[in-house]
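Report on the structure given below.
The values are calculated or read from the model by the stated rules, or taken from the named source; none is laboratory data. Being a predicted model, the structure only gives us computed values, none of them experimental. Note: ideal-geometry Cβ built from the backbone for every residue, glycine included; neighbour counts use all protein chains shown. Surface accessibility is based on the protein's heavy atoms, side chains included, excluding ligands, DNA and RNA. Shrake-Rupley method; radii C 1.70, N 1.55, O 1.52, S 1.80 Å.
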Amino acid sequence: MKKYLNVPFSPQVPLYFCDYQRRAMVFAAKTAGLNVLRLMNDSAAIALAYGIYKQDLPAEKEKARLVVFVDIGDNDTQVSAVGFNKGKLEVKKSLADPQLGGRHFGERICNFFKVEFMKKYNIDVDSRARAAMRLQTECEKLKKTMSANTTSIPLNIECFMNDIDVSGRMGREQFEELSHDLFERLRHLLQELLHNATFTIEDIDSVEIVGGSTRIPKCKTIIEEVLHKTCSTTLNADDSTARGCALQCAILSPAFKVRDFAINDVVQSGIKLVWYNPDGSVGGDMEVFNKGHVFPFSKMLTFYRKENLILEASYSNPIPHTQTVIGRFEVGPIKPAEDGSSTKVKVKVKVDIHSLFTVESAHTVTKIQVPVEEEKKEEKKDGKKAEKKEGENMETE
C-alpha cells in the first residue's frame, strides 16, 4: 500500500458544493494518503476534456470560442458557458440545480406505478424495502427503453409482493406529462444562464451535452429550443468529467508531460466579510469576492484598529446548504499606536485553487520617523553642484 501513498489526485465536485463540503473532500483525500492537486468543479473538468484536444481554437488575442455544456447526471444538472482560446479556457457563467437529475425522473415513474399497483392489486410498495428496490430497478430500465421507443412499453414483475405478479404500461408521452415540472426546471435553468450574462445567444458557437439523462429526448428538445443550437455529443456522456480530472492531474503533476492548458473558473456565490467591535456589535461588512469572480485570487484589505480584529466570512448569495457561514478569524495581537491612534492592519484574503476561502496573512504597518543629519544634506547639495558644473563644462566644450 505504501506505493499508493501521496499519489497525485484531482477529484471533482459539483460546482454548488460549499466551503464545508469542499474542505471535507480535501480532508478525506489526505486522510486516504492522496495528494490533492486541485479540487475541480464538474463543469471545469468537462470543459478541459473538450478543449485540450482541440487544435483549431482561436489565438489568445482573438475572440474566444463560446461553448455551452449541459450536464444532466443522476443527481443534478449543471450548465456552464465556457470561452476557449489556444491553451486556456475561461468559465463565463455556470449554474446548477441539485434537484434535477435522472434519479428524479425515475422517481416520477416509480410513484406512478406505486399508485397503480395499490389500485389494481391492493399492494403497498413502500411497506417492503425489497419490493421498492425492485420497482426502482425496473422503472430505470423502462425509462431507458422509452428514450429509444415512442410506443407504450410494458412493465412486468413476477412474484413482486405476496406472490403476486404485477404488470403495467407507460409511453413516452405519459412520462413527459408526469415529469412536466422537471422539464420546466431545465428550461428555466437554461434561460437563467442567458439572463444578465456577458454574452448573447448569438455568441454561442456550439452546445455540448453530457450525462446519462441527456439521452431523454425531451431534454434534448428543450436544450435546442432555448439555446437555438443543435446538441452535439462530441464528449463521452459518462466519463468526460473523470477524463478532465485526470488531464488536470497530469498537467499539475511533475511526473507527466502534458501540454499546459490554463483554467479560469468562477466562484458560485459571493463571499462577504463582517468585522465586529469589542462589544460584539457589527462594525461593518464588505463583499470581497462577488458572484462569478475568477479564482484562484487574493486581495489585500486595510483596517484601522486599536484592538484585535475579528472577521466572519459568509456567503452573500443563497446556496443549497443550511450552513452559510464559512468561518471566523481573529487577527491579533493589535495595540494602539504610540500617539493613541488606530493601527493600520493589512489582511490578505484568498480563494485558493480548491475554491476554499481563507485569511492567508496579516500584518500591521507602523510609521517611523528617521531624523536626517544636516551634514549629509549639505554633502549631497555640494555633490549636485559639482555635477552641475561638470555638465556645464561639457556643454561648453
Item to check | Any hit, the stretch 268-286, residues being of a type in the set (Phe, Trp, Tyr) and open to solvent by 50 Å² or more (accessible area, probe 1.4 Å) | outcome: no
Next on the checklist: Given (1) assigned to a strand (DSSP E or B); (2) under 28 Å from Glu60 (Cβ atoms); (3) among the β-branched types (Val, Ile, Thr), identify the lone condition not met by Val274.
Outcome noted: (2)
Checklist entry - In the stretch 218-251, what residues are touching a residue at least 60 places away in the same chain (Cβ under 8 Å) and under 19 Å from the mean Cα position of the chain (by Cα)? => result Ser240, Thr241, Ala242, Arg243, Gly244, Cys245, Ala246, Leu247, Gln248, Cys249
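Could you please find all residues in the stretch 170-195 being in contact with a strand residue (DSSP E or B) (Cβ under 9 Å, 6 or more places away or on another chain), among the charged types (D, E, K, R) and more than 14 Å from Phe112 (Cβ to Cβ)? Break it down into steps so the answer makes sense when it comes.
To start, the set of residues in the stretch 170-195 that are in contact with a strand residue (DSSP E or B) (Cβ under 9 Å, 6 or more places away or on another chain) comprises 170-172, 178, 185-186, 188-190, 192-194.
If we keep only those that are among the charged types (D, E, K, R) as well, we get 172, 185, 192.
Within the stretch 170-195, Arg185, Glu192 meet the criteria.
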Checklist entry - What number of residues within the stretch 100-109 satisfy the criterion of being crowded, with 22+ Cβ neighbours inside 10 Å and either in a helix (DSSP H, G or I) or without any contact (Cβ under 8 Å) to a residue 12 or more places away in the chain (or both)? => result 3
Checklist entry - Out of Asp56, Asp19, which single residue is over 19 Å from Gly270 (Cα atoms) and of a type in the set (Asp, Glu)? => result Asp56
Checklist outcome for this item: Within the stretch 36-91, the count of residues that are open to solvent by 30 Å² or more (accessible area, probe 1.4 Å), touching a residue at least 40 places away in the same chain (Cβ under 8 Å) and over 23 Å from Gly212 (Cα atoms) comes to 4
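Can you tell me which residues in the stretch 164-186 are assigned to a helix (DSSP H, G or I) and either of a type in the set (Asp, Glu) or exposed (fewer than 14 other Cβ atoms within 10 Å of the Cβ) (or both)? First the steps, then the outcome.
Of the stretch 164-186, the ones assigned to a helix (DSSP H, G or I) are 172-178, 180-186.
The answer is Glu173, Glu176, Glu177, His180, Asp181, Glu184.
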Checklist entry - Any idea which residue in the stretch 130-159 is nearest to Lys114 (Cα to Cα), counting only those that are touching a residue at least 40 places away in the same chain (Cβ under 8 Å) and not charged (D, E, K, R)? => result Leu155
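Residue-by-condition table, conditions (1) in a loop (DSSP other than H, G, I, E, B); (2) in contact with a Ser or Thr (Cβ under 7 Å, 6 or more places away or on another chain):
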| position | (1), (2) |
| --- | --- |
| Tyr20 | no, no |
| Phe27 | no, no |
| Lys30 | no, no |
| Ile46 | no, yes |
| Tyr53 | yes, no |
| Leu57 | yes, no |
| Val70 | no, yes |
| Leu95 | no, no |
Checklist outcome for this item: Result of the Cβ filter at 6 Å on the stretch 338-353, keeping first residues that are over 30 Å from Asn41 (Cα atoms) and partners that are in a loop (DSSP other than H, G, I, E, B) and aliphatic (A, V, I, L, M), at least 6 apart or interchain, is Thr343/Ile334; Thr343/Ala337
